[in-house]
Structure formats: structure tokens, C-alpha cells
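Step one of this worksheet: look at the structure below.
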Amino acid sequence: MEKRKCKYCGGELKKVLMPPQSDWGVEYFLICMSDDCPYYVQGWDWMMERYKVKASYRYKYNPEKDDDGPIPVKSPTDMKDWVVVQFES
Ligand SMILES: [Zn+2]
């Protein structure tokens, strides 16, 4: 599988399995899981200022649609249990 990098921090995107009951309609996304990613770090302030909620988002890439954008998170540990550590070769 092609490896992709986060366009905000340059880190390698991780394969993150979505739960079967999720609304996303995909098996997995490629997501920047770096807690130092500026997109994610600034997201906390952005969401608090705009919406008064404690939330942020991470950069995600949808390999099925060749589409990227934010995926919301409510805590730093959101989705971390879903990361597939090894890429299939
Ligand atoms: Zn990043």
C-alpha cells in the first residue's frame, strides 16, 4: 500500500480501522495520529473558539475516494486503539 504523509506535519499517516457501526462507510482511513501535528494542536483552540466544545480533529485521507479532510476527535486517545500498526505489503 502506498504510504502517505500528513500535509500539515509531514508525518506518516496511520491506517485506522473504523468500527463496523460507524457512519463513514469505509473500512479504514489513513490518519495523522501525531499529537504534535499543528492541525490537530490548533484544532482544540479552533473548536473552543467557534463552537465552545472541547474537541479537535485530525487530518485524514480516504483511500476509497481519494479525498482528504478533518476527522473529529473528542480526546487525545480517540481512535488510537483502532490504529493498525503494520502496513500490509
Ligand atoms: Zn499531521
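Of everything in the range 18-36, what is in contact (Cβ under 8 Å) with a residue 60 or more places away in the chain and either under 16 Å from ASP68 (Cα atoms) or within 10 Å of the ligand (Cβ to nearest atom) (or both)? Give them in sequence order. Correct list: MET18 only.
The sole residue among PRO63, PRO72 that is out of contact with any helix residue (DSSP H, G or I) (no Cβ under 7 Å at 6 or more places or on another chain) and modelled with pLDDT of 95 or more is PRO72.
Name the single residue that is farthest from the chain's Cα centre (by Cα) among those in the range 48-59 being closer than 17 Å to LYS80 by Cβ and free of Cβ contacts under 8 Å to residues at least 40 places away in the same chain. Looking at the filtered set, the residue picked out is ALA55. Mind listing whichever residues of the range 60-89 are in contact with an Asp or Glu (Cβ under 7 Å, 6 or more places away or on another chain) and hydroxyl-bearing (Ser, Thr, Tyr)? Correct list: TYR61 only. Report yes if LYS52 is of a type outside the set (Asp, Glu) and at pLDDT below 95, otherwise no. The answer is no for LYS52. Screening GLY11 against (1) touching a Gly at 6+ places or on another chain (Cβ under 9 Å); (2) near the ligand (Cβ under 10 Å from one of its atoms) leaves a single unmet condition, (1). Can you pull out every residue in the range 49-73 that is more than 16 Å from VAL16 (Cα to Cα), touching a Lys or Arg at 6+ places or on another chain (Cβ under 9 Å) and among the charged types (D, E, K, R)? LYS54 - this is the single residue of the range 49-73 that is more than 16 Å from VAL16 (Cα to Cα), touching a Lys or Arg at 6+ places or on another chain (Cβ under 9 Å) and among the charged types (D, E, K, R). A single member of TYR51, TYR59 is among the hydroxyl-bearing types (Ser, Thr, Tyr) and within 16 Å of the ligand (Cβ to nearest atom), and it is TYR59.
Counting the residues of the range 66-84 that are exposed (fewer than 13 other Cβ atoms within 10 Å of the Cβ), under 21 Å from GLY10 (Cα atoms) and touching a residue at least 12 places away in the same chain (Cβ under 8 Å) gives 2. When the range 1-47 is filtered for residues that are over 14 Å from TRP82 (Cα atoms), exposed (fewer than 14 other Cβ atoms within 10 Å of the Cβ) and small (Gly, Ala, Ser), the ones remaining, listed by number, are GLY10, GLY25. Counting the residues of the range 1-60 that are β-branched (Val, Ile, Thr) and part of a strand (DSSP E or B) gives 2.
The values are calculated or read from the model by the stated rules, or taken from the named source; none is laboratory data. Everything quoted here is computed from the prediction, not taken from an experiment. Cβ coordinates were reconstructed from backbone atoms using ideal geometry, including for glycine residues, and neighbour counts include every protein chain displayed.
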